[in-house]
Amino acid sequence: MTAFTVEPTPDRAIGTGPPRPLDTLSVRDAPKVLLHDHLDGGLRPGTVLELAESAGYRRLPTTDPGALGEWFTTAAGSGSLKRYLETFAHTVAVLQRREALVRVAAECAEDLAADGVVYAEVRYAPELHVEQGLGLDEVVEAVLEGFRLGAERAAGAGRRIRIGCLLTAMRHAARSREIAELAVRYRDDGVVGFDIAGAEAGFPPTRHLDAFEYLRRENSHFTIHAGEAFGLPSIWEALQWCGADRLGHGVRITDDIKELDDGTVRLGRLAAYVRDKRIPLEMCPTSNVQTGAARSTAEHPIGLLTRLRFRVTVNTDNRLMSGCSMTSELVSLAETHRYGWADLRWFAVNAMKSAFIGFDERLSLINDVIKPWYAAVEAGPVPAGG
Ligand SMILES: [Zn+2]
């Protein structure tokens, strides 16, 4: 155990009042970076209805877009990861054809760009979209085409977004090596990494060691959903057996952190390793509250981990199921944790540093897009007549 006292750092004071009001409109304008967002968790409710209609899918609970949106957030908010995952049966069912995948990926890029996201990594599991005859390669090409179209439309509307995708393998299935090979095959066309997702308990990441070892030999990047429903062993395996570059959620790393009454904090060896090695944590507050991994946004471990300066990033996970956006996540964190512009800049820079695209591109987005915007807003409005 390593003990240390938490002290504010001179370059990043916590909870300082913003010079420009930090409200929904201004946060939407801010350049934001998103590393953890599921394609099949971010459809527009109206699109789900239209795709269901054209595919002859009759199992949706309602035909009203507003009511359908509410149904998704309510079902996902029931408190169990199992029910949360059930909502995906509907979105995956309507994503079995090429035109559906192109449309949903294009709308995803447009929606994120309209929300002020300048860089996003969006993930999905190709193996879930082959029920009506598409091959894995066709699925990947359809989604890449959709992202290209959506980014073009967003640029036409004055919003620039760079979007990459992560291919996910399902932890309960046995196709991870095949999906890893698919990710490597499309690495020069917009696939920037790999992930495994699905129920954590009973399906440890080491089940997929072959895929991870292959990716490492290919100098490829991957993240692993770990430490959400399951605790430290899952995080430890993801890092020390599988070699994950980032952790999806990772909230349970707090099981290895003790806060003492005198204000000192003790980190266990695993927590210290995660912090020392700057392992990025892809935190998704609303989703974690919905699945019971955190009690509330106010009590979310993101507060402690940010104070301890872990490499924290803020993400949406599933925008449809959580009824959230990058803007709403950040506004809600700002309200509950008293974050100001400097904190939001820190989250954006952390995420950009942790992205799976090349160093030069990351640096350019940090220095040419993110930092100038925050420098201007943190300086406040120019006084009249000055
Ligand atoms: Zn996720």
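The values are calculated or read from the model by the stated rules, or taken from the named source; none is laboratory data. Keep in mind it's a predicted model, so treat the numbers as computed, not measured. Here the Cβ is made from the backbone with ideal geometry for all residues, glycine too, and neighbour counts use every protein chain on show.
For the reader, a short list of remarks on this structure follows.
- Among the residues of segment 218-271, just one is within 16 Å of the ligand (Cβ to nearest atom), over 15 Å from R311 (Cβ atoms) and among the polar types (S, T, N, Q), namely S234.
- Exactly one residue out of F347, F359 is away from the ligand (no atom under 16 Å from the Cβ), of a type in the set (A, V, I, L, M, F, W, C) and without any contact (Cβ under 8 Å) to a residue 12 or more places away in the chain: that is F359.
- The residue list E107, E131, E141, E127 contains one member that is of a type outside the set (A, V, I, L, M, F, W, C) and under 22 Å from E282 (Cβ atoms), which is E127.
Quick grid of which residues meet (1) under 21 Å from H36 (Cα atoms); (2) within 16 Å of the ligand (Cβ to nearest atom); (3) in a helix (DSSP H, G or I); (4) at pLDDT 95 or above:
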residue	(1), (2), (3), (4)
Y273	no, no, yes, yes
E282	yes, yes, no, yes
G303	yes, no, yes, yes
T313	yes, yes, no, yes
S328	yes, no, yes, yes
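- Candidates in segment 109-127 are the residues that are crowded, with 20+ Cβ neighbours inside 10 Å and of a type in the set (A, V, I, L, M, F, W, C); of these, the one that is nearest to R177 (Cα to Cα) is A125.
- Members of segment 330-369 found to be of a type in the set (D, E) and either closer than 11 Å to V33 by Cα or touching a strand residue (DSSP E or B) at 6+ places or on another chain (Cβ under 7 Å) (or both), listed by number: none
- The single residue among A113, A100 that is assigned to a helix (DSSP H, G or I) and farther than 18 Å from R28 by Cα turns out to be A100.
- Residue match in segment 137-147 (condition: over 19 Å from C242 (Cβ atoms), within 16 Å of the ligand (Cβ to nearest atom) and touching a helix residue (DSSP H, G or I) at 6+ places or on another chain (Cβ under 9 Å)): no
- Close contacts from segment 241-260, counting a first residue that is at negative phi and a second that is in a strand (DSSP E or B) and polar (S, T, N, Q), with Cβ to Cβ under 8 Å and a gap of 6+ residues or different chains, come to A244/T223; D245/T223; R246/T223; L247/T223; G248/T223.
- Conditions (1) surrounded by 17 or more Cβ atoms within 10 Å (Cβ to Cβ); (2) under 29 Å from V104 (Cα atoms): number failed by E361: (1)
- Listed by position, the helices (runs of 4 or more DSSP H) contained in segment 1-92 that have at least 3 residues being over 18 Å from the mean Cα position of the chain (by Cα) and modelled with pLDDT under 95 are 24-29, 65-76.
- Selected residue [free of Cβ contacts under 8 Å to residues at least 24 places away in the same chain and surrounded by 24 or more Cβ atoms within 10 Å (Cβ to Cβ)] from A238, A271: A271
- Residues in segment 326-340 that are touching a Lys or Arg at 6+ places or on another chain (Cβ under 8 Å) and crowded, with 24+ Cβ neighbours inside 10 Å: M326, L330.
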